[in-house]
Each structure stands twice: as C-alpha cells, then as structure tokens.
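Each reported figure results from applying straightforward, stated rules to the coordinates on display, with no laboratory input. Predicted model only: the values in this text are computed from it and were never measured. In this analysis, Cβ positions are derived from the backbone assuming ideal geometry, glycine residues included, and neighbour counts consider all displayed protein chains.
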Amino acid sequence: MNTLNTDANIAKPDDFYARLLALHEGKSKSESDAINARLVLILCNHIGDSEVLEQAFELACEN
Amino acid sequence: MLQDRYQLAHKVYPYERSPDQDRDSAVRHPVVIVGGGPIGVALALDLGQQNIPVLVLDDHEGIGLGSRAICFAKRCLEIADRYGCGEPMLEKGVVWNLGKVFHKDAKVFEFNLLPESGHQFPAFINLQQPYFELCLVERLRALQAEGAPIEIRGKNSVEAVDVRNDHAALDVMTPDGPYKIEADWLVACDGANSPLRDMLGLGFTGKVFQDSFLIADIRMKGDAEFPTERWFWFEPSHGEGASTLLHKQPDDIWRVDFQIGWDVDRTEELKEANVRRRLDAFLGGASYELVWSSIYTFQCKRMDSFRHDRILFAGDAAHQVSPFGARGANSGMQDVDNLGWKLGLVIQGLAPEVLLDTYSEERVYGADENILNSTRSTDFITPKTEISKIFRDAVLTLARKAKFARPLVNSGRLSIPCIYDDGPLNGPDALEGGPAVTRVGAPMVDAPVDGAWLLGQFGGGFCLLTINTEAPEILDFGGIPVSCVSVSAHDNPELGERYLGAAKTAVYLIRPDQHVAARWDSFDETEVRKALHTAIGRT
Ligand SMILES: Cc1cc2nc3c(=O)[nH]c(=O)nc-3n(C[C@H](O)[C@H](O)[C@H](O)COP(=O)(O)OP(=O)(O)OC[C@H]3O[C@@H](n4cnc5c(N)ncnc54)[C@H](O)[C@@H]3O)c2cc1C
C-alpha cells in the first residue's frame, strides 16, 4: 500500500505558509472558497493514487 | 369508465372485442403482460420469438404522443436487433458523437464519443420514443403474420388483481364492460405509476428530486443552423434555471430541456406564450414551430424485489431514474432481455422457478447502478449544499484549461449496460489473459466476422463461441440445446482484442441474452454442462 507522507516535506515552511495565505489576500469569502476548492482538486489529481488520497481524507476529517 | 390519460401518436392496437369476453369463466393464459409501452411490447417480442403464447393488455389504443425518451444506447439497439427491429431504428435515428458543455456563457470543453470501429450499432442514436415504440409494434405485427402466438388488446384496462396459488386473476375493463382472465405468469410493465404495484400494496422507495423540467420539442424554420450535437449548459445565462440541454432528433426536431426549479406553476409555465418566452431568450430570434412540450419531475426509486411469486415487474414499474444518462427505457430493455429467456425456460419446464429470482437479483443490481449514476449526475447538475456548489463550480472553471477536470464534469453519464459481476448464474472465468470487457457476467461485445456481425449470431438460445478452437456443433443438456459458433481470430484483430486478449484460444458459454456465462481456453463437455446448470439455476 502506498502511504501518505506525513513527515515534513516542505523545504521552507514559513515561506510556503505565507504564500498560501497570500493567495487569499484581498479576496472575498466566496472567491477564497473557490480558490481553495480548485486547489484541492488540482492537488488531488496530482496525487492521483486513491489509497494515498483516502488517507489524506481521513486525516483531514480528524479533529 | 375508461379515461384516456394521454393523446395517441399512433393508434396501432385499436380495441377489438375478444372471444374471452364472451366466456362464462375466466380464460387462463400462460403469460399476461400489463402495459403496451416499449417494455411490455419488447417482452412480448421476446416470448413470441420463443413461441410462448403471450397476451398484452393496454388501457390505451396505441403509442402515446410526446416524445419522452430520445437517447437510445447501443446495448438497447442490440437487444432490439435480437427481436428483429434494431436496423429500422438505426435507419430513422440521428447518430451523434460530438458534445459541448457550457457554463454560463462560456464553453467549458467539447467531447467526442469517438466511435470504436467494428460494431454494428453506434454508441447512441437519438430517436423520438413514439418511433422507437412504432418499430417494436411493427415487428410484433410481422411476427404475428408469421404465426407467432402474440396478442395485444387495446382499451383493456386492468382494474384489479387477485393472487392465487398458481396463477393471478385479473379484472379487465373495456368499452364493452368488464371481463375476467387468468394468467399463469403476470408481468407488470405498466409504467412508473404502476397501478399493479399499488393494487398489490408493494413499496417503491427512493428519492424524489425537488426540481422540474420543461421540455420542448421544436422544429426549426428558415435557415437557422443547429448542429447534430449535444449541447449542455450549466447555469445558462439565457433564461433562468440550473441547466439547459439542446439535442437533435429526426425530422429536423430539436429537444430543449430547461431545468426550471421546484416551485413552479405548471399550468402557467406550460402556456405556449411562456414556453416561447423561454425558447426565444435561449434561441435568440430563430423561428421555430413548437411541436410538443411538457413539464416533468422525477424520482430515483425502485421496488425491493422485481419478483413477487407469479408476478414480475419490469421497466419503469420496477424502477425509475432521473433522465440524466438516458437510463429509463434503455435499462427497461435490459430487464426484458434478462427476463424473457428465464420465463421461457421456466414455462417450458426446462428450468426451476428459482431462475426467476435471479431476474430480480440481476436487474436490481442493474437498477442500483443506474440510480447511483443518475443520482450523481443530478447532484452535480443541481448541487445540494453550498460546499458542493463550490466544488462543482471549481470543476467547471478548471475544465476550461485543465484536461484532468473534464472527466469530473457530469452532465449525465450515458447509459452503458450492466455487467453482472459475481452474479448468481456466473460460471468459471477460466480464460487466462482473457479481456475484461468480455468477462463472465458481461454482455457480449460486437465484432465483425466474415462480412457479418458477431452479435447477430447469438441470442435466443444458449450458445458456445469458440475462437481458434473447436467444439461439437450442437450439444443437448436435458432438453436445452447448445449450438456452437466457431470463428477464427486470424486477421481479425478486433475479435482477438475483445475475446482473446493474451489467450491463444477461447471457448465462451453465452446465455440467450448474450451475456457471458463462463469462459475457458478449451472445450470440455463436463465443464460446459456444469456451467449451463449454474446458468439456469439448477443445483
Ligand atoms: C422527459 C423524459 C425523457 C426521457 N428520456 C429518456 C431517454 O433519453 N432514454 C431512455 O432510455 N429513457 C428515457 N426516459 C424514460 C422512458 O420514457 C421510460 O423509461 C419508458 O417509457 C418506460 O417504458 P415502460 O414500458 O416501462 O412504461 P410506459 O412507457 O409508461 O408504458 C406503460 C404502459 O402501461 C399502460 N398502463 C398503465 N396502467 C395500465 C392498466 N391498469 N391497464 C393496462 N395498461 C396500463 C400505459 O398506458 C402505458 O401504455 C425519459 C422519460 C421522460 C419523462
């Protein structure tokens, strides 16, 4: 089974995080929602592997 | 009193008094079918071709006006061809391959069904339902002329049913008053509102969708150019509504289907001026004649079981789906395909009655698949929550630029036949390297053979298909003949690809409905006998 990588995998975490938030700067709630949805779809497609996706879905749903 | 519920397009079975009406006691028939819609008539063709006496009762005198179904799928045409009327449908129908999807004003993408070569029938034709039904009834008349024991009685309304030990008793109303008949086997093909289902107090469960659709069939006048394509709009900016579909039919008629919401005043919306207001906004000034219009709502429901002892349910009476995907009539035809031979064998005493339970099992499985697909389409077209609307719009926006999002766009997944994986009648799938498309449970896939079509040589009875190997021309297993069709895959790559895969030789056992019952790499009589027994419910 392919496993979801939950180790740190992003080289510059602070830069990444700032960049992610910057996507939403000056955007209305509905524009932001749309960007998030498109981003999720793009990334899911990039991953492709349904086993990995399933683990990501589960992790996302945990509180 | 007999009240017409709809106008007729073709009065093809006018009322005639039957001798049954003058008898003191009820006449017993082997099979009575209630409902002379497409599904009831198709079943009569199946049984009539097997020489099983069958009587069809319908409360009208022919085919209803108004088109309803327009998309007929390949498998449906192949089944019709088995009944001898696939070609006239194909000849009259419009073949289309190109589809375009729009969101608001912008084109999202287009797709081509890219027909695969080496099939007698295309993936789809568009044909008004009355034409489809007319082809079936004309075939029924031709079979009658050849002496097939089929009878159809118009203006014979079934008013009550009484289930007895080994038959069902019916009260039938006619313009000459009531009479009674009995049926060893009763098949309810009486449509989505099935009076028989109600009379028997049987449930029909599922979801009602809170939406309605205004359909208009229009004939274009002047030189307005509309292509032979399927155009689908999500949230069209012309006119209101969640979606609009434009689709070509024969006779220069186009179907326009507006999704108009739940809280609508039907009478008001159906006034010609209001229908035209929507059409004008949509067509922008083109001139047209309004041929037919109607408003419909839909539900995705099915019965728990399609067999209730001596009574079987088929078509819309057994299950109903949303029209997205064209799975109504198309799946009803698969019901008939599945039921006809089983009922035939049971009536002839060649198979046990439990075979009829497998009709319910296999077709409930099919109905669930259809309901799942059409519910998913409906949820995509009319998102039910805020977040599902956000994702839906994200898919549509991305699909313009990114190929990956296009398969996610769901404006109706067009009907494909059900494969009875793990079905109760399946025998061994023992062809190593055999292709998945023709695995056990699947309907056969067509291929060209020696200037003819493979499928044309199957159906009706059990058959062996041998490829690059031999089997006896005819075998007999306890009164059930199995004939053999032997073909070579040399210089026939389509046949090889569809039936051999990585194997060198193959032997397929084919059911009368052209589904694969078992497959091996070589012929072995004991194996074939075992698989045949499994396929007819003998244990
Ligand atoms: C708008 C619309 C679009 C559609 N598009 C498609 C499509 O593109 N492709 C597709 O495959 N399907 C489509 N469908 C579905 C298709 O029309 C139905 O699935 C099909 O008509 C079902 O056939 P049936 O014979 O089961 O029932 P019906 O066609 O409803 O026939 C039932 C018959 O039984 C008779 N009857 C009823 N009660 C009695 C009684 N008590 N006694 C005697 N007779 C009785 C009726 O008069 C009728 O003749 C569409 C449906 C709609 C509404």
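Of note:
- Packing-based ranking of A:5-18, B:178-191 yields B:178-191, A:5-18, ordered from highest to lowest mean Cβ neighbour count within 10 Å.
- Distant-in-sequence amide H partners of B:GLU61 (H built 1.01 Å from N, under 5 Å): B:LYS155
- Simple label model, 7 Å out from Cα along Cβ direction - B:ASP252 to B:ARG376, nm: 4.1 nm
- Dividing the helix sum by the residues of chain B, where each DSSP H run of 4 or more adds -39500 (n - 2.57), gives a mean residue ellipticity at 222 nm of -8500 deg cm²/dmol.
- Here B:GLU289 and A:HIS46 are evaluated by their C-beta separation; at R0 = 56 Å the FRET efficiency comes out at 0.65.
- Compared with the direct C-alpha span, the chain from B:ASN165 to B:SER117 gains 12.1 nm at full extension, assuming 0.36 nm per residue.
- Here each label is just a point 7 Å from Cα along the line to Cβ, and for B:VAL208 and B:TRP262 those points are 1.0 nm apart.
- Lysines with Cα under 19 Å of B:LYS180, excluding same-chain neighbours fewer than 8 positions away: B:LYS155
- Separation of alpha-carbon centers, the range B:477-504 and the range B:70-135, rounded to whole Å: 27 Å
- Tensor-based shape of the range B:16-64 (alpha-carbon gyration tensor, a/c under 1.5 rounded, otherwise prolate or oblate): oblate
- Within the shell of other residues whose beta carbon sits under 9 angstrom from the beta carbon of B:ARG230, the net charge comes to +1, with Lys and Arg scored +1 and Asp and Glu -1.
- For the range B:436-535: relative contact order, % (alpha-carbon pairs under 8 angstrom, 6 or more apart): 32 percent
- Using C-alpha pairs under 8 Å with a sequence gap of at least 6, the mean separation divided by the residue count of the range B:1-159 gives a relative contact order of 36 percent.
- Ordering B:341-347, B:325-331 by mean Cβ neighbour count within 10 Å, with the highest value first, yields B:325-331, B:341-347.
- Theoretical gain in end-to-end length, B:LEU200 to B:GLN348 [0.36 nm per residue, Cα-Cα removed]: 50.6 nm
- Highest average packing first - B:474-483, B:371-380, Cβ atoms within 10 Å: B:371-380, B:474-483
- Entries of B:LYS100/B:LYS248; B:LYS301/B:LYS384; A:LYS29/B:LYS384; A:LYS29/B:LYS207; B:LYS104/B:LYS389 with Cα pairs more than 22 Å apart: A:LYS29/B:LYS207
- Rounded FRET efficiency, nearest 0.05, which uses the C-beta distance separating B:ASP368 from B:ARG277 and R0 of 25 Å: 0.05
- Shielding of peptide B:383-390 by partners, expressed as the average count of other chain Cβ atoms within 10 Å per residue Cβ, is 2.
- Estimated from the Cβ-Cβ distance and a Förster radius of 60 angstrom, the FRET efficiency linking B:LYS504 and B:ARG17 is about 0.45.
- Take every Cα pair under 8 Å whose residues are at least 6 apart in sequence, average their separation, divide by the length of chain B, and the relative contact order is 14 percent.
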